[in-house]
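The values are calculated or read from the model by the stated rules, or taken from the named source; none is laboratory data. The structure presented is a predicted model; accordingly, all values stated were derived computationally and were not measured. Cβ coordinates were reconstructed from backbone atoms using ideal geometry, including for glycine residues, and neighbour counts include every protein chain displayed.
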Amino acid sequence: MSNNVQGPSGVVVQMRDVHGGGLHIHTTPMPQLVVPRQLPAPRLFLDRDQARAWLDRSWRTRHGPMRVAVQGPSGVGKTALVTAWGHEHQHRWPNGALYADLSTTDSDTILRGWLLALGHTYLPEDPDGLKALWRTATAHQRLLVVVEQTTAEAVHALFPAGPGCAGIATAHHGLDELVATGGRVAHLAGLPDQTVGDLINRLVDRPLPSRVLDGAVASAGGSPLAAALTAAALARGLYTPLAETEQENLVPDRITTILTALAEQSATAAVLIAAFPGSFVTAEVTAALVGTPCEQAQRTLTTLVEAALLVDLGRGRYTVHDRVRQPLADRLAPERHTAMVEALADFYRVRLAAVDLVLNVWRWRADTEGIQLARVAQEDEVWFSTRDEALAWVDAELDNILALARLLHRLDRAEVAMFVDHIGTYVTLRKPPIARELYEWGLEAARPTGDGRLVGLMLQRLSTSLHPDWQAALDLNLQAKDAYEQAGFAQGVASAYESIGSMLARLGRLEEAEEAQTMSLRMHQELGKHRGAAFQTRRLGEIHVRQGRTQEAMAAFTASYRTLLHLDPPDIYQATRNTQGMIALLLNEEDPALLPVAELLALEGLASTLLSGSLHQRASLYMELATIARTRTDRSQEIDYLQRTHPLLSPGHPVVEQAASRLAELGAPIS
């Protein structure tokens with residue numbers, strides 16, 4: 001093997017003889033995960049001393065995790081109570097506070113989001129496996145979990161398991177049966193008149209005539225939300241007290257009063273935001289909804305918060321209170337709803353295209369129009385200048401993207417396939433637990449278009465979510481090849497042959513796999529696609545390893561590695577996959593003289609994962625370094641690498657299980 005190194009190869013160490021204690025390389029400690037603090041921002045909160053004392057008592061006298069429920073009518077202050085109490089005692093839960101509203105999503109989606117927030121990146125698709133992972137993940141944590149608008153059945157799945165945890169549920173009713181399983185339930189009544197009067201006075205921030213205040217208190221009916229809405233109207237000088245009205249009609253009537261006093265654009269924005277399918281809006285989303293510049297949209301959001309129609313969640317996010325949402329959304333005319341859906345589809349399509357351009361500059365796209373729109377939109381201002389910025393935007397907006405995709409799917413709109421086109425690289429890097437459902441929607445949306453390129457891409461994307469059913473995945477890729485051939489799209493055909501070869505290799509049909517990958521390699525070379533050709537070269541190397549053709553495999557990995565690093569920009573993620581192949585070959589030789597080379601490759605690959613963001617690669621490389629340390633009988637170094645592996649991936653992931661097993665053999669703790 002030549003020891004020449006060419007191109008941007010990262011860290012390089014060249015040596016002839018190594019004596020003494022061998023090669024010692026110190027790596028930078030991994031960055032710590034941000035502790036999730038998801039509770040809504042605290043609000044003005046009065047009274048409720050008895051309810052807070054009840055929560056304190058429930059915490060002190062718990063047996064195992066605290067399990068409580070707060071019931072009461074809409075607007076009575078359930079959210080304000082649990083939020084205030086949670087913020088007041090957040091020091092009790094150093095591992096974080098998690099929050100979800102079940103009225104806008106489902107239990108499985110909530111669990112997946114929470115596990116991702118806690119740093120678990122490998123999540124089982126099976127719902128029972130997901131719940132088991134949640135129990136495992138929370139067994140030794142100290143967490144606060146708040147679930148709004150939930151049911152007793154959902155509570156059992158969503159409450160944490162650890163004795164240092166607290167689970168709080170809210171609902172209008174239906175949670176009394178928690179008592180049978182050791183939980184406690186409180187029924188929250190309305191506020192006394194004196195407290196309602198104090199609340200209105202503080203919100204209005206100026207003295208009110210006693211007649212006006214008395215009428216406002218009477219109209220609120222003890223509801224903190226109704227009191228806030230009344231205060232918003234009074235703050236604008238609407239002093240006419242409300243007539244006595246049944247509580248169910250109070251909020252819609254008050255909303256009418258508030259909207260009438262608002263400028264038309266602000267009133268329209270309030271209705272559109274209430275009809276938004278996601279869990280929150282930003283100034284950018286509001287600008288797309290209303291059709292105004294972002295700065296003006298931000299002013300509109302501020303106005304709606306002051307009018308008590310929106311809640312400021314912090315970090316530029318806003319939402320509509322659950323009591324206000326439906327009465328507001330009901331005001332949206334059907335034609336305006338259609339226009340809203342189109343505006344949102346355009347906004348997220350172009351933003352996702354911009355993300356894709358940053359994350360993967362090499363891949364072909366079926367939605368070329370979306371890519372062009374993204375380029376034009378960023379001529380004056382670039383939205384995402386780095387991969388981290390692009391990933392962070394999708395991380396933050398993922399729930400909204402999925403909610404909109406679900407709505408577009410129900411409406412049979414083709415934009416779902418465009419979303420899938422542009423989010424694929426994000427899914428590859430982050431592996432969120434939504435791929436299969438999203439890809440199925442994309443395929444359903446693509447078929448009626450008659451676009452063979454789009455259909456083929458959706459078939460290939462769906463195939464990636466079917467593991468370990470490799471035969472079904474193979475069948476989908478064969479269909480993709482047919483769709484590409486009918487469309488006369490050679491690059492798609494070459495890509496399909498690559499996927500077909502990978503599935504055949506998974507099925508142990510190595511000769512057929514080699515033939516398919518060779519066909520893909522030849523087509524990529526003819527098309528001048530150097531990155532695609534490098535892919536196939538690596539795939540052939542992997543097949544050669546299984547065939548025992550070691551020298552050919554090493555030559556393939558080396559050639560692919562060099563090609564990928566000479567791209568502009570270099571493809572670090574894929575190059576590191578070749579590094580992993582080389583390491584495995586060197587370790588299989590069982591030659592102590594090759595250990596420094598394998599270690600050097602592993603450390604170089606580890607540095608590369610900090611740029612690519614692949615946690616799976618990072619964990620795998622730590623495992624390989626642990627194997628090298630074991631070969632050298634360096635027990636402490638082996639334990640250190642194994643312990644670094646464990647927090648990178650979720651429990652149940654094969655790499656994590658392997659690390660845990662080896663730590664158990666060594667009699668060492670997981671971390």
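Could we say that A390 is crowded, with 19+ Cβ neighbours inside 10 Å, at pLDDT below 95 and not in a helix (DSSP H, G or I) here? For A390, the condition - crowded, with 19+ Cβ neighbours inside 10 Å, at pLDDT below 95 and not in a helix (DSSP H, G or I) - is not met. Taken together, V493, V545 contain a single residue that is touching a residue at least 40 places away in the same chain (Cβ under 8 Å), β-branched (V, I, T) and assigned to a helix (DSSP H, G or I), which is V545.
Applying the criterion of being closer than 15 Å to N578 by Cα and either outside any helix (DSSP H, G or I) or touching a Lys or Arg at 6+ places or on another chain (Cβ under 9 Å) (or both) to the residues of the stretch 600-617, the residue that is modelled with the lowest pLDDT is S612.
Residue-by-condition table, conditions (1) of a type in the set (D, E, K, R); (2) in the same structural domain as A171 (by TED's automatic domain parsing); (3) under 21 Å from P433 (Cβ atoms); (4) touching a helix residue (DSSP H, G or I) at 6+ places or on another chain (Cβ under 7 Å):
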position	(1), (2), (3), (4)
G75	no, yes, no, yes
V82	no, yes, no, no
H89	no, yes, no, no
I110	no, yes, yes, yes
H120	no, yes, yes, yes
E148	yes, yes, no, yes
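Between residues in the stretch 203-222 that are on the phi > 0 side of the Ramachandran plot and residues that are of a type in the set (A, V, I, L, M, F, W, C) and in a helix (DSSP H, G or I), which pairs lie under 8 Å by C-beta distance while being six or more apart or on different chains? These pairs meet every condition: D205/A235; G221/L250; G222/V196. The listed residues are A377, A405, A435, and the only one of them that is surrounded by 23 or more Cβ atoms within 10 Å (Cβ to Cβ) and without any contact (Cβ under 8 Å) to a residue 40 or more places away in the chain turns out to be A405. Within the stretch 201-226, the set of residues being closer than 17 Å to I255 by Cβ, within 41 Å of the chain's Cα centre (by Cα) and not polar (S, T, N, Q) comprises L203, A220, G221, P224, L225, A226. Quick check: is even one residue across the stretch 519-528 under 24 Å from D421 (Cβ atoms), more than 31 Å from the chain's Cα centre (by Cα), modelled with pLDDT of 95 or more and of a type in the set (D, E, K, R)? No, every residue in the stretch 519-528 fails to be under 24 Å from D421 (Cβ atoms), more than 31 Å from the chain's Cα centre (by Cα), modelled with pLDDT of 95 or more and of a type in the set (D, E, K, R). Scanning the stretch 612-655 for residues that are more than 24 Å from the chain's Cα centre (by Cα) and of a type in the set (S, T, Y) gives Y622, T627, T631, T633, S636, Y641. Please determine whether any residue of the stretch 133-149 is modelled with pLDDT under 90 and surrounded by fewer than 17 Cβ atoms within 10 Å (Cβ to Cβ). Within the stretch 133-149, none of the residues are modelled with pLDDT under 90 and surrounded by fewer than 17 Cβ atoms within 10 Å (Cβ to Cβ).
For the stretch 558-587, a residue qualifies if it is surrounded by fewer than 20 Cβ atoms within 10 Å (Cβ to Cβ), of a type outside the set (S, T, N, Q) and either more than 27 Å from the chain's Cα centre (by Cα) or at pLDDT 90 or above (or both), and the qualifying residues are A559, R562, H566, L567, D568, A584, L585, L587.
Scanning the stretch 449-473 for residues that are in a helix (DSSP H, G or I) and either β-branched (V, I, T) or surrounded by 21 or more Cβ atoms within 10 Å (Cβ to Cβ) (or both) yields a total of 13.
List the pairs whose first member sits in the stretch 33-54 and is over 16 Å from A100 (Cα atoms), whose second member is of a type in the set (F, W, Y), and whose Cβ atoms are under 7 Å apart, counting only residues at least 6 apart or on separate chains? Short answer, once both residue conditions are applied: R52/W85.
Quick grid of which residues meet (1) farther than 20 Å from L234 by Cα; (2) in the same structural domain as V394 (by TED's automatic domain parsing); (3) of a type in the set (K, R); (4) without any contact (Cβ under 8 Å) to a residue 40 or more places away in the chain:
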residue	(1), (2), (3), (4)
V271	yes, no, no, no
T286	yes, no, no, yes
T292	yes, no, no, yes
A307	no, no, no, no
L310	no, no, no, no
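The condition (being under 26 Å from E514 (Cβ atoms), part of a helix (DSSP H, G or I) and assigned by TED's automatic domain parsing to the domain that holds L540) is satisfied by just one residue among S620, S560: S560. Residues in the stretch 170-194 that are farther than 17 Å from W85 by Cβ and of a type in the set (S, T, Y): T181 only. Here T257 fulfils each of the conditions (1) within 23 Å of A84 (Cα to Cα); (2) crowded, with 16+ Cβ neighbours inside 10 Å; (3) modelled with pLDDT of 75 or more apart from (1).
Scoring D128 on the criteria (1) assigned to a helix (DSSP H, G or I); (2) within 24 Å of A154 (Cβ to Cβ); (3) in contact (Cβ under 8 Å) with a residue 24 or more places away in the chain leaves a single failure, condition (3).
For F347, the conditions (1) under 27 Å from the mean Cα position of the chain (by Cα); (2) within 23 Å of P224 (Cα to Cα) all hold with the exception of (2). Restricting to the stretch 151-166, name every residue that is closer than 30 Å to S223 by Cβ, outside any helix (DSSP H, G or I) and touching a helix residue (DSSP H, G or I) at 6+ places or on another chain (Cβ under 7 Å). Passing the criteria: only A166. When residues in the stretch 81-125 are screened for being farther than 30 Å from A186 by Cβ and either assigned to a loop (DSSP other than H, G, I, E, B) or without any contact (Cβ under 8 Å) to a residue 60 or more places away in the chain (or both), 7 of them pass.
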